[in-house]
Each structure stands twice: as structure tokens, then as C-alpha cells.
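Chemist: Before anything else, here's the structure in question.
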């Protein structure tokens, strides 16, 4: 197994640790989780740890793609596992944030539904030996998601000092871009789905 694929599997391996750390019943075991105080802001230690793991996992995404392209190590397994690892990481954290009502569950529903639709279109296209490239809107969606997740895990730091709810603004921007990119993807490729109707 080459290095990019190992990094992809490492990204997947981060997910259960993130779930365990976020959902572990600390109070049931008498564990008091301290907060990290920055100026006048108190940051949740659990979310801070998850943020660090999220950054590390996201870095493996950049790294495996860079290495695969630079050294021509792109494999069928990599094409299969890389997008799964990305969506597993992002959607897991979104669901965790929804579980404690940090964000509304409708955000997760929209983003996961969008991914299902896009993946289904790609699957049908693959069956017809057609390769559909990722759109710029899809890449913008990913960037917005990453920024929003980071801000949400950091309790809106540093924008909390400015009394701007940038974490909520960005997650709704990411949701809109996600929905629109899915709609755009469907419209541009609907001929693949409609040709035998």
C-alpha cells in the first residue's frame, strides 16, 4: 500500500477517536473537563481537542493528494477511499455538533442529502464509462465547511470578541453552497439520468 492510501486510511481512523472524545460521558465517570481561558473567552476543552484532531485529519487530506499527484501514485483504491474519508470526517463532526444542538439538524440533512445525490450521479456516470470532474462549487463547499467547522469547534473564536456570530454565518453559507452546488451538479449532468426515461 502506498503512502497516499495510508494517509487516507489514517484520516478514516481519526473518526472513531473524534466520536469517542466528543460523546464520552465524562461526568458519569466523575471526570471534570476544564475549559481553556483565552482573554475573556472560555473555550470548551473537548471541542478544542476535536478541533486539533480535525486539523490533523484535514492535513492528511491535503498531503495524500499532493503526494499522489507529485509522484504519480493515484490508484483505484485512492479514488474510492479518499472521498469517503473526506465525507466521513466532515459529516461525522457535523452530526456531533447537531447532537448537542450547536447547529440545527437540518444542516446535516441538507449536506448529507447533497452528497448522496452527487455520488449517485457519479455512480451512474461511471457505469456509462463517463468521468465527472469535481466542480469549483463543490470545492468552495468544502472550504466553507472546513472554516465553519473550525469556528464552531472553537466556540466562534476569535470573532466572539467582535460579537459577530461568524461560526453560524459560515455554517449557513456552507449549507447554501452545498445545496446550490448539488443542484448545479444535477442540472449539468441530468442528461445522464434522463436519457433512458
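Only the coordinates and a few stated rules stand behind these numbers; no lab work does. Source: prediction; values computed, not measured. So basically every Cβ, Gly included, is an ideal-geometry build from the backbone, and we count neighbours across all protein chains shown.
Chemist: What are the equivalent ellipsoid semi-axes of the stretch 3-194, built from the alpha-carbon gyration tensor (square roots of five times its eigenvalues), in whole angstrom, biggest first?
Modeler: Equivalent ellipsoid semi-axes, largest first: 32, 20, 15 Å.
Chemist: Next question. Within the stretch 8-48, what residues put their amide N at less than 16 Å from the label point 7 Å along the Cα-to-Cβ vector of residue 71?
Modeler: So the set is 8-10.
Chemist: Take the alpha carbon atoms of the stretch 54-81, find their center, do the same for the stretch 1-51, and report the distance between the two centers in whole angstrom.
Modeler: One Cα centre to the other: 22 Å.
Chemist: Return 119, 167 ranked ascending by Cβ neighbour count within 10 Å, so the fewest neighbours appear first.
Modeler: 119, 167
Chemist: Now for a different question. Note down the nm distance, to one decimal, between modelled labels 7 Å out along Cα→Cβ at residue 41 and at residue 109.
Modeler: A separation of 3.1 nm, rounded to one decimal place.
Chemist: Next up: Taking only C-alpha pairs under 8 Å that are 6+ residues apart, what is the relative contact order of the stretch 3-194 in percent?
Modeler: 24
Chemist: Based on the Cβ-Cβ distance of residue 187 and residue 79, what FRET efficiency does E = 1/(1 + (r/R0)^6) give at R0 = 25 Å, to the nearest 0.05?
Modeler: 0.50
Chemist: Turning to a different aspect of this structure: In a Gaussian network model over the chain where Cα atoms closer than 10 Å are linked, find which of 15, 50, 37 has the largest mean-square fluctuation.
Modeler: Comparing 15, 50, 37 in a Gaussian network model of the chain, the most mobile one is 37.
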